[in-house]
Amino acid sequence: MGGKISGIMPHSIAEELQLQPGDVLLQINGQTVKDIIDYDFLCAEEYLELTVQSADGETAIFEIEKDYDEPVGLIFASDVFDGIRTCANHCLFCFIDQLQPHPRPSLLLKDDDYRMSFLEGNFITATNLKEADFQRIQDLKLSPLYISVHSTDPKLRQELLGFKKDAAILPILRRLTGYGCRIHCQIVLCPDINDGPALEKTINDLIGLYPGVASTAVVPVGLTKYQTNPRLRLYSPAEAGKLLSQIETIQRRCLRELGEAFVYAADELYVKAGLPFPEAAGYGEFPQLENGVGMAALFRQQWRELSHLLPPTLPLEEKTAVVTGVNGAAVLEPLLQPLLTSPGNAGLHLHTVENSFYGPRTTATGLLSGSCLLQSIRPGQYRRLLLPSNMFKFDSELFLDDLTASQVAGRLGCRIDITEPNAAALIAALSGRQPTL
């Protein structure tokens, strides 16, 4: 156990000590360091003894005197040093279980670690929390946490999670909020299983824990072409519209009683129902943005604020395409329409790609692969493609199917430019400016 060092911050204490990438931090002041949480907590002291094992196996102790909260300057290969705690559930709708045969190993990681929930905003089921975990959450004031609820009915939640033991979530939420921990919840909704009256009960139960439970997202189940469970299906447009009406009724009540909407529907439901997205003001501080809740509204708001930076005639190469998925097209098409129809911008195109890798039921732009682009775009059709970075593995140019941007660009005979998935970055790419937020 220990934290493997991957980098050293320039001009830091760690650089002065000549610590090196590949070294392993074992202890601080005699205490074992299990994760970046321990590291940050223990390093706040003014006097430190670091126990470090070098790449050749030798162990040394470094004594440090520093200012309170002065960083030591270590960068680690992972935020969790003793291995991420994985999910032991067998969720009825688990997206990882619906992946293609023999996917990239990292895609198979079922993270159910409360530490990654605190550090990265990852959703956990909380079915594997031990007494020591509760104590640590309380002692270190780890907040906020993100928890997948799905249903507050213990038997229904047990069925949804495929969990053999008690799956009651309300006692866990009451305990965590009793520590002062703020919780953001999600409900993955499956038609005819945990919607309707069951959804109403779940949301009302969570409202009863406000403000400890700070927000709740309702996200429709995602299905790939590899899903074979006959119980699972997608919402129809009419059903999605009815569901949104139910959620909006609850939002209005929450606004009157709590002062905020509390429960939010995923953007995908508005796309499915063919209904306009809410305005950005309706999402408060966007508590569930990374869960696909409010991304469309935020993008549209940024576009309105920054679109004045777009010249009437864009300085684009001929045959430039903004590439997106089905959900993204619902956001981009009305915003780009004035540019697409302008005679001076004849070289600009919006190209919507259907997902052939996971199947057409998968509509998120971030789940498109290189092979999806190769099946949708003809060689020579465009000279330049603008792709959002959420199509790629973090900090790389690797698609979900392990094709690279360079390989796809070579086969299509074009250049690929990767932008951040926000309005500022797209406007910058179209206008030749630097992104401005």
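Readers should treat all values here as calculations from the given coordinates under stated rules, not as data from a laboratory. Source: prediction; values computed, not measured. Here the Cβ positions follow ideal geometry from the backbone for every residue, glycine too, while neighbour counts run over all protein chains shown.
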Practice task
Report the extension gain between Ser396 and Glu257 in nm, rounded to one decimal, defined as 0.36 nm multiplied by the number of residues separating them, less their alpha carbon distance.
Solution key: 45.5 nm
Fill in the blank from the handout: Footprinting proxy, His184, His150, His351, His90: sorted fewest to most Cβ within 10 Å, the residues are His90, His351, His184, His150
Handout entry: Proximal aspartates and glutamates relative to Lys242, as straight alpha-carbon distance under 12 Å, when same-chain residues fewer than 8 apart are discounted
Key = Asp195
Fill in the blank from the handout: In the chain, whole DSSP H helices that both stretch 18 Å or further along their axis by alpha carbon positions and average at least -1.0 on the Kyte-Doolittle scale are 237-257, 326-340
Completion exercise
Cα-Cα longer than 26 Å, checked against Lys34/Lys165; Lys225/Lys393; Lys110/Lys393; Lys110/Lys130, kept in input order, equals Lys34/Lys165
Completion exercise
Among [x] -0.31, -0.42, -0.70, -0.86; [y] -0.42, -0.54, -0.77, -0.86; [z] -0.26, -0.36, -0.60, -0.75, the entry matching log10 I(q)/I(0) by the Debye sum over Cα atoms at q = 0.06, 0.07, 0.09, 0.10 Å⁻¹ as calculated here is [x]
Problem - Beta bridges by DSSP in the chain, antiparallel share as percent, to the nearest 5 - result: 45 percent
Exercise for the section: Would you please name the trypsin sites (Lys or Arg not before Pro) within the stretch 140-190 that are DSSP coil residues with at most 12 other C-beta atoms within 10 Å of their C-beta? Expected result: Lys141, Lys164, Lys165
Practice task
Scan the chain and report its longest stretch carrying no GluC sites (Glu not before Pro) that are both in a DSSP loop and have at most 10 other Cβ atoms within 10 Å.
Solution key: 59-278
Completion exercise
Counting sequence-distant residues (5 or more places) and residues on other chains, those with an amide H built under 5 Å from that of Ala265 are Val218
Exercise for the section: Could you work out how far apart the two model spin labels at Leu340 and Gln135 are, taking each label as a point 7 Å from the Cα in the direction of the beta carbon, and quote it in nm? Expected result: 5.9 nm
Practice task
Identify unpaired cysteines across the chain, taking unpaired to mean no other cysteine Cβ lies under 4.7 Å from the residue's Cβ.
Solution key: Cys43, Cys87, Cys181, Cys185, Cys190, Cys254, Cys372, Cys414
Problem - Cleavage-rule hits (chymotrypsin sites (Phe, Trp or Tyr not before Pro)) in the stretch 41-103: DSSP loop, at most 10 neighbouring Cβ within 10 angstrom - result: Tyr68
Exercise for the section: Could you pull out the chymotrypsin sites (Phe, Trp or Tyr not before Pro) across the stretch 387-420 that fall in loop regions by DSSP (anything but H, G, I, E, B) with no more than 11 other Cβ atoms inside 10 Å? Expected result: Phe394
Practice task
Please order Asp23, Asp38 by the number of other Cβ within 10 Å, starting at the fewest.
Solution key: Asp38, Asp23
Handout entry: For Tyr114, Tyr179, order by how many other beta-carbon atoms lie within 10 Å, fewest first
Key = Tyr179, Tyr114
